[in-house]
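Working notes, beginning with the structure itself.
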Amino acid sequence: MSATKEPHQQDTLVVARDGSGQFRSIGEAVESIRAFMDYKVTVYIKDGIYKEKLIIPSWLKNVVFVGQSEDKTIITHDDHANINKMGTFRTYTVKVEGNDITFKNLTIENNAAQLGQAVALHTEGTRLMFFKCRFLGNQDTIFTGSEGSYLLFTDCYIEGTTDFIFGPSTALFERCTIHSKKNSYITAASTPQNVEHGYVFKNCKLTAAPGVDKVYLGRPWRPYAATVFLNCEMGKHIRPEGWHNWGKPDNEKTARYAEFMSRGEGTNPTNRVSWSKQLTNKEMNRYSIQNIFKEDSNWYPYR
């Protein structure tokens, strides 16, 4: 005889602003999910604007959040760092503390005015996956906030102004569009010294808003920042030197910045800073998905 779930524990929960689902808010659905489940729960979110400051707590795992449509299922909030001295790390719209959490086909947005840092997505858990999602914001759109954690972004759109992908996690971005809204910096990794892979952009497209023409690929938030762009198409907004040392020349001795087979008008290998690398075919082989996530041998992200 198979075990039965508690009445409110279902494989699929439906959220709808118009009342046609079991819950009107995503937060209510999250609160109903049993801690440390050994089965998967899907939270299906119908189109709508959900103004919520959402935490996926550390005791949740095996949850998949699926939007009805990528551009019409929107989770939004508007905190920024200068509200009551809030600081960057409390400004998130969505904070994911749990492990083995997946988001598909939805938008996570911080629509605060450009008055300070304003995080849309803050990750703390590991084995987090994002498929066909949009991340909208300005400064500090995505904070990958936990050392030793693994993140996968596939077919996503990510926009921002300054350091809009930042933090210490290992993250693979596949076939993503990375859109700069201002002359500034795309990444600000803080990869620990003992971690081989930080940010890996593979087959991505780098675009920019009209008038944006001086964007760096990255600058090191911490000395051993690791960021690579592999087979990426770069618009003409990317500066010829590519990378910046954050005003600290010593960072040039430790930062791990590289490219492989970049293409497009922003490609300029001969003028890149001398302390970045153009990878060889052999070096490129280190960036298989198995090698990037190798320390967690039980996790093989699916497509």
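The values are calculated or read from the model by the stated rules, or taken from the named source; none is laboratory data. Because the structure is predicted, anything quoted here is derived from the model rather than measured. Here the Cβ is made from the backbone with ideal geometry for all residues, glycine too, and neighbour counts use every protein chain on show.
Observations, loosely collected:
- Flag for F131 being modelled with pLDDT of 95 or more, more than 10 Å from the chain's Cα centre (by Cα) and of a type outside the set (A, V, I, L, M): yes
Conditions (1) part of a strand (DSSP E or B); (2) out of contact with any Gly (no Cβ under 8 Å at 6 or more places or on another chain); (3) over 28 Å from T162 (Cα atoms), marked per residue:
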site: W59; (1), (2), (3): no, no, yes
site: V63; (1), (2), (3): yes, no, yes
site: E70; (1), (2), (3): no, yes, no
site: I75; (1), (2), (3): yes, yes, no
site: A81; (1), (2), (3): no, no, no
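- In the stretch 1-47, the residues that are at pLDDT 95 or above, hydroxyl-bearing (S, T, Y) and either exposed (fewer than 10 other Cβ atoms within 10 Å of the Cβ) or part of a loop (DSSP other than H, G, I, E, B) (or both): S20, S25
- When residues in the stretch 48-72 are screened for being hydroxyl-bearing (S, T, Y), more than 25 Å from Q117 (Cβ to Cβ) and either touching a strand residue (DSSP E or B) at 6+ places or on another chain (Cβ under 7 Å) or at pLDDT below 95 (or both), 0 of them pass.
- Out of L206, L279, L230, one residue alone is in contact with a Gly (Cβ under 7 Å, 6 or more places away or on another chain), at negative phi, touching a residue at least 40 places away in the same chain (Cβ under 8 Å) and of a type outside the set (D, E). It is L206.
- Within the span defined as the stretch 162-169, every residue fails to be over 25 Å from E252 (Cβ atoms), in contact (Cβ under 8 Å) with a residue 40 or more places away in the chain and out of contact with any Cys (no Cβ under 6 Å at 6 or more places or on another chain).
- Residue match in the stretch 198-221 (condition: among the aliphatic types (A, V, I, L, M), surrounded by fewer than 17 Cβ atoms within 10 Å (Cβ to Cβ), part of a loop (DSSP other than H, G, I, E, B) and out of contact with any helix residue (DSSP H, G or I) (no Cβ under 6 Å at 6 or more places or on another chain)): yes
- Wholly enclosed strands (runs of 3 or more DSSP E) of the stretch 89-158 bearing at least 3 residues closer than 20 Å to W221 by Cβ: 121-123, 142-144, 150-154
- For Q114, the conditions (1) under 20 Å from H237 (Cβ atoms); (2) out of contact with any helix residue (DSSP H, G or I) (no Cβ under 8 Å at 6 or more places or on another chain); (3) crowded, with 20+ Cβ neighbours inside 10 Å are fulfilled apart from (3).
- Against the numbered list (1) among the aliphatic types (A, V, I, L, M); (2) touching a Ser or Thr at 6+ places or on another chain (Cβ under 9 Å); (3) surrounded by fewer than 22 Cβ atoms within 10 Å (Cβ to Cβ); (4) free of Cβ contacts under 8 Å to residues at least 40 places away in the same chain, M129 comes up short only at (4).
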